[in-house]
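Please read the structure below before turning to the comments.
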Amino acid sequence: MKDHLSWKQEGTVSLWRYTEFRKKFGGWHITANSEGISSLLVLLQLLARTPGAHRTVAVTPPSPAVLRVPNFQQGDALWSAPAKWRVQCSSEDTWQFPLELEPATLTVGGKFLQQLEAGLRGIPKGEGDFGMGQSPPLYFWWWPRFA
């Protein structure tokens, strides 16, 4: 199925997972600069109107400044980040975000899509340190001032 969804990523998006002490900080972690958040929100709106379609987001590995926001192991905890993140929406209440790195794939819909959008909107306001979704969860972190 060829869709005609036109979207071009802007800004920086960091997505990662910790590879040690998974019971404490298991799941995915995300932050982005303001442009990255705006771009993700536009993408989610477009995908929500075209269930089943997907787009790929380029991921920037978290910088030391980004990793100091959650401050897990004083920012020195071992982590892995995908190079790309595949995102697609469903018309049903769906949260699927396995921990595989390549491809990192999120399928989201319904109430989970609303929670994702709300969490992303909070990042530029300095909100974070909370998670959403089912196992594995996605944790939101504010973008550091000096990333």
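The values are calculated or read from the model by the stated rules, or taken from the named source; none is laboratory data. Just so it is clear, the structure is predicted and the values come from calculations on it, not from any experiment. Cβ atoms come from the backbone with ideal geometry, glycine included; neighbour counts cover every protein chain shown. Calculation scope for accessible area: heavy atoms of the full protein, side chains included, ligands and nucleic acids excluded. Shrake-Rupley method; radii C 1.70, N 1.55, O 1.52, S 1.80 Å.
Could you list, in sequence order, the residues of the stretch 51-71 that are open to solvent by less than 40 Å² (accessible area, probe 1.4 Å) and either out of contact with any helix residue (DSSP H, G or I) (no Cβ under 9 Å at 6 or more places or on another chain) or under 20 Å from GLY122 (Cβ atoms) (or both)? Hits for the stretch 51-71 are VAL57, VAL59, PRO62, SER63, ALA65, VAL66, LEU67, VAL69, PRO70. As a summary of the residue check, GLN114 satisfies the conditions (1) assigned to a loop (DSSP other than H, G, I, E, B); (2) open to solvent by 60 Å² or more (accessible area, probe 1.4 Å) except for the one numbered (1). Tally up the residues in the stretch 81-96 that are of a type in the set (Ser, Thr, Tyr) and open to solvent by 60 Å² or more (accessible area, probe 1.4 Å), please. Counting residues in the stretch 81-96 that are of a type in the set (Ser, Thr, Tyr) and open to solvent by 60 Å² or more (accessible area, probe 1.4 Å) gives 1.
The rows are residues; the columns are (1) within 18 Å of ALA118 (Cβ to Cβ); (2) at pLDDT 95 or above.
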site	(1), (2)
GLU20	no, no
HIS29	yes, yes
ASN33	no, yes
GLY36	yes, yes
LEU47	yes, yes
GLY52	no, no
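Against the condition of a type outside the set (Asp, Glu) and open to solvent by less than 20 Å² (accessible area, probe 1.4 Å), how does LEU99 come out, does it pass? In short, no. Filtering the stretch 17-35 to residues that are free of Cβ contacts under 8 Å to residues at least 60 places away in the same chain and not charged (D, E, K, R) leaves only PHE21.
Results for (1) modelled with pLDDT of 95 or more; (2) in contact with a Leu (Cβ under 7 Å, 6 or more places away or on another chain); (3) closer than 20 Å to GLU35 by Cβ; (4) among the hydrophobic types (A, V, I, L, M, F, W, C), shown as yes or no for each residue.
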residue: ASP76; (1), (2), (3), (4): no, no, no, no
residue: ALA83; (1), (2), (3), (4): yes, no, yes, yes
residue: PHE97; (1), (2), (3), (4): yes, yes, no, yes
residue: TRP143; (1), (2), (3), (4): yes, no, yes, yes
